[in-house]
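Notes for the one structure printed next.
The values are calculated or read from the model by the stated rules, or taken from the named source; none is laboratory data. Because the structure is a prediction, the values reported are computed rather than measured. Cβ coordinates were reconstructed from backbone atoms using ideal geometry, including for glycine residues, and neighbour counts include every protein chain displayed. Only protein heavy atoms, including side chains, enter the accessible area calculation; ligands, DNA and RNA are left aside. Shrake-Rupley method; radii C 1.70, N 1.55, O 1.52, S 1.80 Å.
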Amino acid sequence: MNRIIAIDQSTSSTKALLFDEQCRIVARTNVDHKQYYPQTGWVEHDAEEIYQNMVKAVSQLPLQEEAVYSIALTNQRETAVVWNKLTGKPIANAVVWQDTRGAELCRQLRAEGRADMVMAKSGLLIDPNFSASGVKWLLDNIEGARQQAQRGELLMGTIETWLIWRLTGGQVHATDYTNASRTMLFNIHTMQWDDDLLALFDIPRSMMPEVMPCDAIYGETTVEGIFAAPIQIAGVLGDSHGALVGQMCFTKGSGKVTYGTGSSVMVNIGEEPKSAPTGLVTSVGYSAFGKTYYGFEGNIYSTGATLKWIADQLQLVGHPSEMEALATSVPDNGGVYIVPAFSGLGAPWWQSDVKGAVFGLTFATTKAHFLRAALESIAYQIKDLVDVMARATGGRLQEICADGGPTKNQFLMQFQANMLETPVVCTEVDDASALGAVIMNGFARGLWKSFDEVIPLRKVTKVYQPENDAQRFTLYQQWRNAVNQLIKN
């Protein structure tokens, strides 16, 4: 009896999902971790807390002695951890992908004319969203870090690299092609860490992990003694890439939207790393069976995070799940538009120093209007990206596969379909990123021999067909007017 434990380490929590051989979820656990905001624009996580939460999440699963277990990993991308390989301790909190402390460095590099070189090699724009500027900041600002790095004592990695290193007792320092492609230090053409990019950010090569395909076996672990004998770690990829695989986007031109803390829109562009259109980036989509598939991608910083902010900080609702009923109690947004640029604006604007704003408040504005505007802001931001992708791939996309917690919000999904004028397909597995990791685990361990074998595992639960919304154009124009008041030309 094979059981695959998918670790889905997200920006807000660590989930452990237990899958059977038919890729059905048998059980799940979830452990939240703390968010640290030490200064304006800074966002940090405690990497040690995340590792301990992962162990706790696995320990809470209903494990059976007779089953054969393995672990698959999918993770929040770009969040950078730097640790001392001698002590095993991080030198500071992890710099989260939402963190903007590297914004000034990125502005300087763009002003120096480095953008074309970085884009040509990494497929990415110079932006603090990606790992490189955060790693450089830690080396430059944590006492003794630069000297330790030069002595070869420090290692760096995105979250999955840190978890693999800890799970294997420091025996394996490795990442996969997808996470590597989001660091701004990886050459997506040579599939190696790039000397020019490492030099640009003054990061020693000795810190960098080995880069492996998604469908590789990474090592073995007992997960701190939870298992009597070591089990395999197999199948690793970033969360957005995991969703691309979990949504079975194996054909060129197929795409997905992951609604999480932020949102990722990704379209499979095949085996050639083409230059992305303005506002988008090119990343490794996934790698399997000896081949690499690339994707155009755009990332939105605050979608689910906006709903969490309304519940946790403003306390307008007890939980984001309560928002739909209130939002649909009014016929429209009452002229209110929320631009949730809490960590700046991501794709296609890429303006990290913009702050969030609310437009259109009047004495007639109610809580319901505000909540509706928050939900609508998610759909508008997705449309900003999908329109650019559609033009780059030759027209309107046939459909968009959707996953993540906010897909349970029927108002949002229908509004999204209306805005895109494209069917939005929701599937049985909300946790598409975890499913993608499980599929890569199965490829690595020989459970499935081809993409065709896993395609039937995708079960569609609902398709939201676009309705003829007469207000669609006006609503979107008002959204763009709000954004234009914030962005700098």
Open item on the list: Which of the numbered conditions does T29 fail, given that it passes all the others? Conditions: (1) open to solvent by 10 Å² or more (accessible area, probe 1.4 Å); (2) under 27 Å from T183 (Cα atoms); (3) under 21 Å from the mean Cα position of the chain (by Cα).
Closed with: (2)
- [ ] Of the conditions (1) on the phi > 0 side of the Ramachandran plot; (2) in a helix (DSSP H, G or I), G334 clears all except one; give me its number.
- [x] (2)
- [ ] Would you mind telling me which numbered condition in (1) touching a residue at least 60 places away in the same chain (Cβ under 8 Å); (2) over 17 Å from A6 (Cα atoms) G436 fails?
- [x] (2)
Task: Residue tally, condition of a type in the set (K, R) and in a strand (DSSP E or B), over segment 403-450 - done: 0
Task: Residues located in segment 32-50, provided they are under 21 Å from S433 (Cα atoms) and exposed (fewer than 15 other Cβ atoms within 10 Å of the Cβ) - done: D32
Task: Residue in segment 55-109 that is farthest from L139 (Cα to Cα), counting only those that are touching a strand residue (DSSP E or B) at 6+ places or on another chain (Cβ under 8 Å) and among the basic types (K, R) - done: K56
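Yes or no, residue by residue, for (1) open to solvent by 10 Å² or more (accessible area, probe 1.4 Å); (2) of a type outside the set (D, E, K, R); (3) at pLDDT 95 or above; (4) over 20 Å from the mean Cα position of the chain (by Cα):
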{"position": "T366", "(1), (2), (3), (4)": "yes, yes, yes, yes"}
{"position": "H369", "(1), (2), (3), (4)": "yes, yes, yes, yes"}
{"position": "A374", "(1), (2), (3), (4)": "no, yes, yes, yes"}
{"position": "A392", "(1), (2), (3), (4)": "yes, yes, no, yes"}
{"position": "A402", "(1), (2), (3), (4)": "no, yes, no, no"}
{"position": "K408", "(1), (2), (3), (4)": "yes, no, no, no"}
{"position": "M413", "(1), (2), (3), (4)": "no, yes, yes, no"}
{"position": "P423", "(1), (2), (3), (4)": "yes, yes, no, yes"}
Open item on the list: Quick check on segment 265-286. Is at least one of its residues open to solvent by 10 Å² or more (accessible area, probe 1.4 Å), out of contact with any strand residue (DSSP E or B) (no Cβ under 8 Å at 6 or more places or on another chain), of a type in the set (G, A, S) and in contact (Cβ under 8 Å) with a residue 60 or more places away in the chain?
Closed with: no
Open item on the list: Go through (1) out of contact with any Lys or Arg (no Cβ under 8 Å at 6 or more places or on another chain); (2) more than 18 Å from V267 (Cα to Cα) for K383 and report which single condition fails.
Closed with: (2)
Open item on the list: Just checking: which of the helices (runs of 4 or more DSSP H) contained wholly in segment 51-153 hold 1 or more residues that are in contact (Cβ under 8 Å) with a residue 40 or more places away in the chain, open to solvent by less than 20 Å² (accessible area, probe 1.4 Å) and touching a Lys or Arg at 6+ places or on another chain (Cβ under 6 Å)?
Closed with: 131-141
Task: Members of segment 349-359 that are open to solvent by 30 Å² or more (accessible area, probe 1.4 Å), in contact with a helix residue (DSSP H, G or I) (Cβ under 8 Å, 6 or more places away or on another chain) and assigned to a loop (DSSP other than H, G, I, E, B) - done: W349, D353
- [ ] Could you please let me know if D431 is without any contact (Cβ under 8 Å) to a residue 12 or more places away in the chain and more than 27 Å from G344 (Cβ to Cβ)?
- [x] no
- [ ] With respect to Q398, determine if the residue is surrounded by fewer than 17 Cβ atoms within 10 Å (Cβ to Cβ), within 14 Å of K256 (Cβ to Cβ) and polar (S, T, N, Q).
- [x] yes
